[in-house]
Amino acid sequence: MAKILAVLYPDPVDGYPPDYARDEIPAITGYPGGQATPTPRGLDFTPGQLLGSVSGELGLRRFLEDRGDTYVVTSDKEPPDSTLDRELPDSDVVISQPFWPAYLTAERIASAPRLKLAITAGIGSDHVDLPSAIAHGMTVAEVTFSNSISVSEHAVMQILILVHNFVPAHDWVTGKKGWNIADSVSRNYDLEGMDVGVLGSGRIGQAVLRRLKPFEVNLHYSDVHRLPREVEEELGLTWHPDARSLAASVDVLSIHAPLHPQTQNLFDEDMIGVMRRGSYIVNTARALIVDRDAVVAALNSGQLAGYAGDVWYPQPPPPDHPWRTMPSEAMTPHVSGSTLSAQARYAAGTREILECWFDGRPIRPEYLIVDGGGLAGTGARSYTVAG
Ligand code: NAD
């Protein structure tokens, strides 16, 4: 029997919710392009409930314990003496989430001789040291598409929040108890007519482009895989061969490429410097794609008019992380991909991956990042490994 170790974010500070704001979530059966939503053989949770926190347990406990497996769930993950570090050495499977990542470093992987499967309950497996996972003979899988639309909605929201100066205006009427119209509008613009670009036009990037089309903006993108001409024509897209050309051509940039050697630290002082003065960056991809301090400096100098996103490094960030106090920001914690709607899909997808693994059936190629000794499936298309 197997030992499965899940590292999930802590419950709400007031405890696991006894009830919810809404009675149900819409039933989604397929994604744009035809990929099916998760198809596990069974489900032991009610869609719409909090599944991603420790007490939610991704709805997996009954399934795993009925099989005779051991299921350990914890949020305690900071090395060297965490529950994660203590439980890892005899674990067969680790489940983690980008929102509260169990950083599976080379050292941690080396400490776990039985570890053969790392599942990301969500999307984005950069918290796993992929070269070490490959060398260790592991499979790394994620629930591709489970929260892509959720993130695209959040990214569009953060673009509008920045350009329309929402956060300071909200703060004037609530925190400061004022009615300061001039203060609120002196940085308030329309998105209409602006040049808006996405870096990475995969599942999320393309959904962002589609959602922005009705805003009457000029849409730009860059991706190592150019979109089909029909899509470019349908959405009126301008393609750029690299991030630099894209950055120099837009007023708003939304980042949707994975974190891998090609994208790490891509938006440094030099790259931000080629952008138009007063540009906005929204980053719901991964924090290490941008240079933390270059962002702060650009906001202070006015080179950037705003920065928003939900991804930080490390996660959770320390109390003195400069993005908590920088000007012209609209940051959230890493929540865009963990809506209650998305949780139902990524919990079901995690169960589907486990069922396949235990039965010896193939995991869907689109869920694979590493398999068979190298990058595989979505991993082979969207990631690179150094060396
Ligand atoms: P995807 O695999 O469908 O798309 C990624 C796209 O990025 C691909 O088209 C790929 O070709 C492109 N890309 C890769 N390297 C590139 C480079 N150097 N330059 C330009 N383009 C490049 O993935 P997705 O579902 O759209 O997710 C994208 C990323 O968003 C994830 O890898 C993850 O890091 C992040 N994400 C964040 C959240 C969140 O909650 N904030 C949730 C889901 C995903």
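Conditions tested, residue by residue: (1) of a type in the set (Gly, Ala, Ser); (2) under 20 Å from the mean Cα position of the chain (by Cα); (3) closer than 23 Å to SER146 by Cα; (4) in a helix (DSSP H, G or I).
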| site | (1), (2), (3), (4) |
| --- | --- |
| GLN158 | no, yes, yes, yes |
| LEU162 | no, yes, no, yes |
| TRP179 | no, no, no, no |
| ASP183 | no, no, no, yes |
| TYR189 | no, no, no, no |
| VAL196 | no, no, no, no |
| ARG211 | no, yes, yes, yes |
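Given the conditions (1) surrounded by fewer than 24 Cβ atoms within 10 Å (Cβ to Cβ); (2) more than 27 Å from HIS127 (Cβ to Cβ); (3) in contact with a Lys or Arg (Cβ under 8 Å, 6 or more places away or on another chain), and given that VAL250 satisfies all but one, which numbered condition is not satisfied?
Tallying (1) surrounded by fewer than 24 Cβ atoms within 10 Å (Cβ to Cβ); (2) more than 27 Å from HIS127 (Cβ to Cβ); (3) in contact with a Lys or Arg (Cβ under 8 Å, 6 or more places away or on another chain), VAL250 fails exactly one: (1).
Would you say ILE281 is touching a residue at least 40 places away in the same chain (Cβ under 8 Å) and within 26 Å of PHE145 (Cβ to Cβ)?
No, not satisfied.
Limited to segment 171-214, what total is found for residues that are surrounded by 13 or more Cβ atoms within 10 Å (Cβ to Cβ) and not β-branched (Val, Ile, Thr)?
Adding up the residues that qualify gives 25.
Are there helices (runs of 4 or more DSSP H) fully within segment 81-147 with at least 1 residues that are among the hydrophobic types (A, V, I, L, M, F, W, C), touching a Ser or Thr at 6+ places or on another chain (Cβ under 8 Å) and more than 16 Å from the ligand (Cβ to nearest atom)? List them.
In segment 81-147, the matching helices (runs of 4 or more DSSP H) lie at 83-87, 106-110.
What do you reckon, is ARG203 in contact (Cβ under 8 Å) with a residue 24 or more places away in the chain and near the ligand (Cβ under 8 Å from one of its atoms)?
yes
Please go through segment 235-281 and pick out each residue that is closer than 25 Å to GLY379 by Cβ, touching a Ser or Thr at 6+ places or on another chain (Cβ under 8 Å), of a type outside the set (A, V, I, L, M, F, W, C) and not in a strand (DSSP E or B).
If the condition is that a residue be closer than 25 Å to GLY379 by Cβ, touching a Ser or Thr at 6+ places or on another chain (Cβ under 8 Å), of a type outside the set (A, V, I, L, M, F, W, C) and not in a strand (DSSP E or B), then HIS240, PRO241, ASP242, HIS256, PRO258, HIS260, PRO261, GLN262 are the ones that fit.
For segment 243-263, give me each residue that is farther than 15 Å from TYR280 by Cβ and more than 8 Å from the ligand (Cβ to nearest atom).
Result: ARG244, SER245, PRO261.
So which residues in segment 264-292 are within 13 Å of the ligand (Cβ to nearest atom) and of a type in the set (Lys, Arg), if there are any at all?
ARG286
Only the coordinates and a few stated rules stand behind these numbers; no lab work does. Model, not experiment: these values are computed from the prediction. Reconstructed Cβ throughout: ideal geometry from the backbone, glycine too, with neighbour counts over all protein chains shown.
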